[in-house]
Amino acid sequence: MINWPCRLTLVALALQSTGCAADKIGAYPGEMRAAPSVREDARQEDAETRPGSDAPSASVAGPALAYAEIAQDSAISSFLATESTLIVEDSISIDRSREMLEDNALFSSALASMLDEEKTSTEAQRLASHHRDVLERAVGQLGVVEDLTCGLSLCIGSVLSLTQADHEAWSRRLVKDPAARRYGAVHSYEPMGEQLQHRFVFSADPAVAALFLSR
């Protein structure tokens, strides 16, 4: 069972921040574009009442982010190895994404792995370049885009800003940008010294737009 002390994880359909950094989960309007909101087995009320759920979904066993095990099947997958660990039934896994985003070691490992895989795919490089440009435009002087790397459907990254208000401001700009083309997303805010790091995984693929929450 994974504990979530003093952290805010936001499962969202947008990168627009509307809440304060507190122990709660909320939803954001506005980011979904012609995509289903949430799977029936990942209703928002489940996300609000079960923030620590770590029950296995689909046929997953063992650690949720078993990179090495899933990587060996990447040759027959339509996703790159690292993003495959975050996808269940063509949906973003809330449980796996939370685990990755809220653990410093897992987050760093996922970023490094996906960056290596991105270098092997022209399509992944194209997605990463596009979404970094969009994100940097939205963030502007309100923070620093620390990381942004993409697979064929999902992207992982982080933005560092001084305050929650700064994150809310650039997130609103991002949602209004038609070039953003983001579908489903899971977020986490982590303190970094006197600043606040906004970590996220989002789908750039309308075919992977739903959110999956294990029961």
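Quick look at the values:
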quantity: Qualifying residue in region 158-177 (condition: under 19 Å from Arg96 (Cα atoms), in contact with a helix residue (DSSP H, G or I) (Cβ under 9 Å, 6 or more places away or on another chain) and modelled with pLDDT of 95 or more); calculated: yes
quantity: Residue within region 148-166 that is more than 20 Å from Gln195 (Cα to Cα) and free of Cβ contacts under 8 Å to residues at least 40 places away in the same chain present; calculated: yes
quantity: Some residue of region 158-173 being in contact with a Phe, Trp or Tyr (Cβ under 8 Å, 6 or more places away or on another chain), closer than 18 Å to Leu80 by Cβ, among the β-branched types (Val, Ile, Thr) and crowded, with 22+ Cβ neighbours inside 10 Å; calculated: no
quantity: Tabulated pairs, region 126-138, first touching a residue at least 24 places away in the same chain (Cβ under 8 Å) and part of a helix (DSSP H, G or I), second of a type in the set (S, T, N, Q) and buried (at least 22 other Cβ atoms within 10 Å of the Cβ), C-beta under 6 angstrom, 6+ apart or interchain; calculated: Ala128/Thr149
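The values are calculated or read from the model by the stated rules, or taken from the named source; none is laboratory data. Please read these numbers as outputs of a predicted model, since none were measured by experiment. Backbone-built Cβ (ideal geometry, glycine too); neighbour counts: all protein chains shown.
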